[in-house]
Structures are given as structure tokens and as C-alpha cells.
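Working notes for the structure below.
The values are calculated or read from the model by the stated rules, or taken from the named source; none is laboratory data. Bear in mind that the values here come from a model prediction, so they are computed numbers and not experimental data. Cβ atoms come from the backbone with ideal geometry, glycine included; neighbour counts cover every protein chain shown.
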């Protein structure tokens, strides 16, 4: 194998690892939405089914975030995770619990979502800086 083809393989592996990490981060964001919504539904942990869902979602969101942060920079990963969680919780809170979602809230949720997309487009993955030392 030539040095060029070896470099191409390494680049492809890094690209695939980055895509996988972003997919995991997206799933972590969905778990964060579930965590926030189920926390509200638990009514201070007085509703057992919602309380169980809260504990499961909390474990899932932290675990999957930690997996994504093996590749994605913590500042970018955390910002994307919280952005997905905050905007998703607001949207699903309105759908499930009838919470207020007026025009200004929608505008600022759109700003959060635009920020999340922008962070994804700018990268945020470390290549060799996050190795298993």
C-alpha cells in the first residue's frame, strides 16, 4: 500500500468516526428532549411511569453524550446537545403539555437551531487530540 492510499484510508476512517459521533450526538439530543419532557411529566417524581422514563432518559443522554465527546470537542458537543434538548423540550412541551409557544419563542428557538446547525457545519471534531491515553 502506498503512502497516499494509506493516508486516504486514515482520512476515510476519521470521516466515518466523525459521522458516527455526530449521529450519536443527535441521538443524545433526542434523549435529552425525552429527559426534559419526562421530568416535567413526572411532576416532581410523583408519577411513577414518567419518573421511570426520566431515569432511563437521563442515563441514556449522559451515556450517549459521553460517547460522542470521544470525537467531538466538548464545547461544540455540549452546545449542540443542549441546543437540541432546549429547543426540542420547548416544542414537545407545547405539544404534550400545552405550554405556551408564541412567535418570539419560535423565533429564538429558530436561532438556537441555526446555531446548532452552524456548529455542525464548522466541524468541531478533534482528530488525534482525543486518543485513548
Revision key, fill the gap. Going through (1) on the phi < 0 side of the Ramachandran plot; (2) in contact with a helix residue (DSSP H, G or I) (Cβ under 7 Å, 6 or more places away or on another chain) one by one, residue 45 fails only at (1)
Check your understanding: Which residues, taken from the stretch 68-78, are under 11 Å from the mean Cα position of the chain (by Cα) and surrounded by fewer than 17 Cβ atoms within 10 Å (Cβ to Cβ)?
Key -> 78
Check your understanding: Which members of the stretch 88-124 meet the condition of being modelled with pLDDT under 95, surrounded by 15 or more Cβ atoms within 10 Å (Cβ to Cβ) and under 14 Å from the mean Cα position of the chain (by Cα)?
Key -> 112, 113, 116, 119, 120, 124
Review point. So which residues in the stretch 50-63 are within 21 Å of residue 19 (Cβ to Cβ) and surrounded by fewer than 21 Cβ atoms within 10 Å (Cβ to Cβ), if there are any at all?
Key: 60, 63
Practice item. Could you tell me which of the residues 54, 71 is in contact with a helix residue (DSSP H, G or I) (Cβ under 8 Å, 6 or more places away or on another chain) and within 30 Å of residue 10 (Cα to Cα)? Key: 71
Review point. Is there a residue being free of Cβ contacts under 8 Å to residues at least 24 places away in the same chain, surrounded by 13 or more Cβ atoms within 10 Å (Cβ to Cβ) and either over 19 Å from the mean Cα position of the chain (by Cα) or not in a helix (DSSP H, G or I) (or both) anywhere in the stretch 27-43?
Key: yes
Practice item. Could you please find all residues in the stretch 8-20 being exposed (fewer than 11 other Cβ atoms within 10 Å of the Cβ) and either closer than 19 Å to residue 69 by Cα or modelled with pLDDT under 65 (or both)? Key: 13, 16
**Study point:** the stretch 98-113 residues that are under 24 Å from residue 41 (Cα atoms), paired with ones that are part of a loop (DSSP other than H, G, I, E, B) (beta carbon under 9 Å, 6 or more apart)
**Key:** 109/101
